Protein chains: 2
Amino acid sequence: MPRNAVGREIPGEVGGRPVRPFQGAFATVPEGRKAAPPLKTLRPGEGKVLPSLEEAIRRVGLSDGMTISFHHAFRDGDLLVLRVVETCARLGIKDLRLFPTALFPCHEPLIRYIEEGVVTRIEGSMNGPVGAFVSRGGKLREPAVLRSHGGRWRAIECGEVHIDVAFIAAPTADPYGNANGMWGPSACGPISFAVADSWYADHVVVVTDNLVPYPALPIEIEQGYVDHVVTVDRVGDPGGIATGTLRITRSPTQLRIAKLAADAVIAAGLVREGMGFQAGAGGISLAATDFIAKEMARRGVRAAFAIGGVTMYLADMLKEGLVGAILDGQAFDARAVEFLREHPRHQIITPGFYADYNSRGCATYMLDFAFLGGTEVDLDFNVNVNTHSDGQLLHGIGGHQDVAAGAKVTVITIPTIRGRIPTIRESVTTVTTPGEVVDLIVTERGIAVNPRRPDLAEDLRRAGLPVRSLEEMRAEAERLVGVAKKPVFGDEIVALIQWRDGTVIDVVRKVVGWE
Amino acid sequence: MPRNAVGREIPGEVGGRPVRPFQGAFATVPEGRKAAPPLKTLRPGEGKVLPSLEEAIRRVGLSDGMTISFHHAFRDGDLLVLRVVETCARLGIKDLRLFPTALFPCHEPLIRYIEEGVVTRIEGSMNGPVGAFVSRGGKLREPAVLRSHGGRWRAIECGEVHIDVAFIAAPTADPYGNANGMWGPSACGPISFAVADSWYADHVVVVTDNLVPYPALPIEIEQGYVDHVVTVDRVGDPGGIATGTLRITRSPTQLRIAKLAADAVIAAGLVREGMGFQAGAGGISLAATDFIAKEMARRGVRAAFAIGGVTMYLADMLKEGLVGAILDGQAFDARAVEFLREHPRHQIITPGFYADYNSRGCATYMLDFAFLGGTEVDLDFNVNVNTHSDGQLLHGIGGHQDVAAGAKVTVITIPTIRGRIPTIRESVTTVTTPGEVVDLIVTERGIAVNPRRPDLAEDLRRAGLPVRSLEEMRAEAERLVGVAKKPVFGDEIVALIQWRDGTVIDVVRKVVGWE
């Protein structure tokens, strides 16, 4: 089997579809044209509001083998995916391809529908139980496909994925289909993940629990793309948005990593008037951003912009004048949602604006630096964010690839040991983001600088920061906890990990045991 | 030659392109798919700012026979069209097809470039001298094509017009191409007319006199669609925006018309909580809106929304709480621009959102009533807004067709005599908007109700309003000023008037003299 540019074996085709192997972060020159959705019309007076999801499913002609899409703005509070799949099951529809931006632990009941053949394919991030199920070889007719935020937008835009029906959970909508996530009892922040779905799907169904008089403002989803509007009792639980570690860490090890990461960025001369950065939402990233904020205040410099996922910490930086604008694709807490309503320089952006490879430039390309995490890194600076060291597929890509590819300095923050397992590997279990777009790996033991960036190594050394090799740090960790066991994989490919340009950077195989 | 649904002779093809005759306001069922622009990419670090318009023209490979597009947000203060055409002429480029949203008197110098063969085709509105020149049979290689705001969007979207290079005048832009019309020394209000151009053109050049640090907010034109950014000393003169009669009329005749129009709408029961309306920007429309505003205040009802062209009068209604939202596609004065910055319910919309026939519903379809003008009306309730009674092509369509097609009650306000010429004709010189979408024609002599709307006739009579026939009012006017002379037309077709769905509702022929 041929190997791609990060040395992974990639089959020539999967499920009858040709697979393009990853050839380098910017090797692909796109050819051809964007997808061309069908022309439609509507006469004045024709309404869109339907009495039930079931009625909408019938009206759009949803049937066996079709692709249905969803956004994940409610994260672990999503209610719509299961509701639609259950309704389809009840109507006897099967063999669906699920195309969510991301699934969360709340979607565990999907497993039943996979086992029953209602859902037979998934293209989208799978955080938690559904991913674990897929890892165990769970019954999908074709391997799952994981894409970054930008990669998913690109796949829709270029026709790689054709959506038959987009279901869009909308905290606020009007009877003509204009919708947003900023208002209403279920306000969840931007729902702009669904914009590409609305543009390119054959049919678009907006589902809301807050139908307001025309026009619902702001307009994230536009009336002109929406076929039907359905009201439900509850469209999602905003309480499920704030999952994971969305607070500044209090762990001394993690705080040390955050401090080193911040110091590295400062040493590289990147904390300056007019900078742009991505904060991230993990505990270490938030702590590092907090250190940066303090340094900015000390120096009296102001960032031109920050990109989110947005937390209250970032919102506060805008409020305090430390950041000139927030480009917001996703809210991570209620304060971020609230702030979005109030501040004109807190701007909703789409994943296309944020991260589309097939565009004339995306927002991540304007980043000076970004803090990102990972489950593992390796000696080639490759980063894994998808699988754990036991081989299980438990996380999506999110914006990881998009940000790493774009930022002038990409900083991976990672403790060398996590749950008694060393995280620096000779070779990562799964390559999500290639070493060529990773500049610094910061652990509690020091900072590894990618050999492609001798300039950074010099900056850091001059600042007295502990520049170390990954090999050294790896050896120290392994002396403490031993070499990690490796999972035993079967032959079966259960998931493809796409690079943001649509090539395949790695595959995930079925886990069958341990070494 | 076959006749279309309003009885006009329409050739089967023009300039080798087939022509579809108008068959009724909603007869067209669109087939096929949207246009598919080429996929592109850009690497991080690649810049977009070029030192001159000339350099941009070279870089995009602009050459003979290509189509170049422009928006008209500066109206009579536009500086870019001529600057680009002059530069093309200097570079020896010829046979250009000009695809502006609209031309104004300031574009008179274009005539020289038409005579020299630099510009050989125009598709777009021509207000004033260029239209008159075209009427006289002036030298275009193919007939001009006039479209409504929605029609132009549709034409781009479905590939009827392919734009090679879009030049977008931007009062504010950042180096990555994000642009808006809300800020900067040349702020002109929305530049959203250019959004479709940016989406579908092969090449997009943003031209600004106010280059700001990334990101320029709000984002009307998105970076991902922009190839190059050029700075110039001055991109447009906002002083040229407020052309024509953008003040409430003081003419007693016009005030009488405005009062009757307002009374008709009130009598029809349309002034009620939650209504939506289009105000228009002519002196009569503004006066009628003012009467409506007073009635709203008296009754304590609030409109859900109004659509603009936006003047200070409408902005004030939002401020006073009489209107819940303004959907704004075009600013008609400086106060409207200012207000756009300040008020979150004053929302920029695109012509697609406003008026696209090939969409799942546009904003004009939500209108309860609208006040529109015309140069002539006829006994079939057809309205002419393009030519004068002397046959000269002097005006664009604007949103006239789109609004008339959408509003539940379309009110045409028109004095029966204008410059000693009677405006009610047996048959209009040019059909812009067909009688089937016109409900009331209001003159200083009374209100004509379209026979399709007996319900309205009853409402108006019950309210004691002077319901009269067009024949009567026409006869009265002709008794005063005589029957209007008619122009003598040659065979040559100088312009096609499209209905918003892409069919041809009328043609304009070369004027060769008078009866």
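Listed by first and then second residue, the pairs linking a residue in the stretch A:137-159 that is within 14 Å of another protein chain (Cβ to nearest Cβ) to a residue that is hydroxyl-bearing (S, T, Y) and in a loop (DSSP other than H, G, I, E, B), with Cβ atoms under 7 Å apart and 6 or more places separating them unless they lie on different chains, are A:G150/A:Y357; A:R154/A:Y357.
Could you check how many residues of the stretch A:11-20 are more than 13 Å from A:G502 (Cβ to Cβ) and open to solvent by less than 30 Å² (accessible area, probe 1.4 Å)? Total meeting the criteria: 2. Kindly establish whether A:W514 is aromatic (F, W, Y) and either assigned by TED's automatic domain parsing to the domain that holds A:V383 or closer than 23 Å to A:I397 by Cα (or both). So A:W514 does not fit the description; no. For the residues B:G391, B:G396, the requirement of being away from chain A (no Cβ under 14 Å), in contact (Cβ under 8 Å) with a residue 24 or more places away in the chain, open to solvent by less than 10 Å² (accessible area, probe 1.4 Å) and small (G, A, S) singles out B:G391. Does A:D380 satisfy being under 23 Å from A:V483 (Cα atoms) and either assigned to a helix (DSSP H, G or I) or open to solvent by 10 Å² or more (accessible area, probe 1.4 Å) (or both)? Taking the combined requirement at face value, the residue satisfies it. A single member of B:D402, B:D368 is closer than 30 Å to A:G177 by Cα, buried (at least 24 other Cβ atoms within 10 Å of the Cβ) and of a type in the set (D, E, K, R), and it is B:D402. Across the stretch B:56-75, the number of residues qualifying as buried (at least 22 other Cβ atoms within 10 Å of the Cβ) and either among the charged types (D, E, K, R) or over 17 Å from B:H203 (Cα atoms) (or both) comes to 4. For the stretch B:238-276, filtering for residues that are out of contact with any helix residue (DSSP H, G or I) (no Cβ under 6 Å at 6 or more places or on another chain), within 14 Å of another protein chain (Cβ to nearest Cβ) and open to solvent by less than 40 Å² (accessible area, probe 1.4 Å) leaves 1. Just so you know, in the stretch B:295-320 the residues that are closer than 20 Å to A:V212 by Cα and β-branched (V, I, T) include one that is nearest to the other protein chains (Cβ to nearest Cβ), and it is B:I307. Of the residues that make up the stretch B:56-67, is at least one within 27 Å of the chain's Cα centre (by Cα), more than 7 Å from every other protein chain (Cβ to nearest Cβ) and not in a loop (DSSP other than H, G, I, E, B)? So far as the stretch B:56-67 goes, yes, one or more of its residues are within 27 Å of the chain's Cα centre (by Cα), more than 7 Å from every other protein chain (Cβ to nearest Cβ) and not in a loop (DSSP other than H, G, I, E, B).
Tell me, please, whether a residue that is at pLDDT below 95, in a loop (DSSP other than H, G, I, E, B) and crowded, with 18+ Cβ neighbours inside 10 Å can be found in the stretch A:459-471. No, the stretch A:459-471 contains no residue that is at pLDDT below 95, in a loop (DSSP other than H, G, I, E, B) and crowded, with 18+ Cβ neighbours inside 10 Å. Which members of the stretch A:321-374 meet the condition of being away from chain B (no Cβ under 13 Å), of a type outside the set (G, A, S) and free of Cβ contacts under 8 Å to residues at least 24 places away in the same chain? Scanning the stretch A:321-374 gives a single hit, A:E338.
Condition check for B:I493 on (1) open to solvent by less than 60 Å² (accessible area, probe 1.4 Å); (2) without any contact (Cβ under 8 Å) to a residue 60 or more places away in the chain: one failure, at (2). Here no strands (runs of 3 or more DSSP E) wholly within the stretch B:383-457 include at least 2 residues being of a type in the set (D, E, K, R) and outside the structural domain of B:V271 (by TED's automatic domain parsing). In the stretch A:214-237, the qualifying residues are those that are under 23 Å from the mean Cα position of the chain (by Cα) and crowded, with 23+ Cβ neighbours inside 10 Å, and the one that is nearest to A:L50 (Cα to Cα) is A:V235.
Kindly establish whether B:I493 is under 29 Å from B:T249 (Cβ atoms) and in contact with a strand residue (DSSP E or B) (Cβ under 9 Å, 6 or more places away or on another chain). The answer is no for B:I493. Whether any residue in the stretch A:76-95 is in a strand (DSSP E or B), open to solvent by less than 60 Å² (accessible area, probe 1.4 Å) and within 14 Å of chain B (Cβ to nearest Cβ) is what I want to check. Looking for residues that are in a strand (DSSP E or B), open to solvent by less than 60 Å² (accessible area, probe 1.4 Å) and within 14 Å of chain B (Cβ to nearest Cβ), one finds none in the stretch A:76-95, hence no. Residue selection: A:G321 fails the criterion of being assigned to a loop (DSSP other than H, G, I, E, B), closer than 24 Å to A:A463 by Cβ and of a type outside the set (F, W, Y). Scan the stretch A:21-55 for residues that are crowded, with 18+ Cβ neighbours inside 10 Å, away from every other protein chain (no Cβ under 14 Å) and not in a loop (DSSP other than H, G, I, E, B) and jot them down. Passing the criteria: A:P21, A:L53. Within the bounds of the stretch B:206-213, is there any residue that is away from chain A (no Cβ under 14 Å), within 30 Å of B:A173 (Cβ to Cβ) and at pLDDT below 95? No: zero hits. The set of residues from the stretch B:155-176 being of a type outside the set (A, V, I, L, M, F, W, C) and over 24 Å from B:P344 (Cα atoms) comprises B:E157, B:G159, B:E160, B:H162, B:D164, B:P175, B:Y176. Taking (1) closer than 30 Å to A:S359 by Cα; (2) assigned to a helix (DSSP H, G or I) in turn, B:R298 satisfies each apart from (1). Scanning the stretch A:291-319 for residues that are of a type in the set (A, V, I, L, M), more than 13 Å from A:M275 (Cα to Cα) and crowded, with 17+ Cβ neighbours inside 10 Å yields A:V310, A:M312, A:L314, A:A315, A:M317, A:L318. What do you reckon, is B:G77 touching a residue at least 60 places away in the same chain (Cβ under 8 Å), farther than 21 Å from B:T387 by Cα and assigned by TED's automatic domain parsing to the domain that holds B:A166? Criteria met by B:G77.
The values are calculated or read from the model by the stated rules, or taken from the named source; none is laboratory data. Predicted model only: the values in this text are computed from it and were never measured. No Cβ is skipped: glycine too gets one built from the backbone with ideal geometry, and neighbour counts run over all protein chains shown. SASA here: full protein model, heavy atoms, side chains in, ligands and nucleic acids out. Shrake-Rupley method; radii C 1.70, N 1.55, O 1.52, S 1.80 Å.
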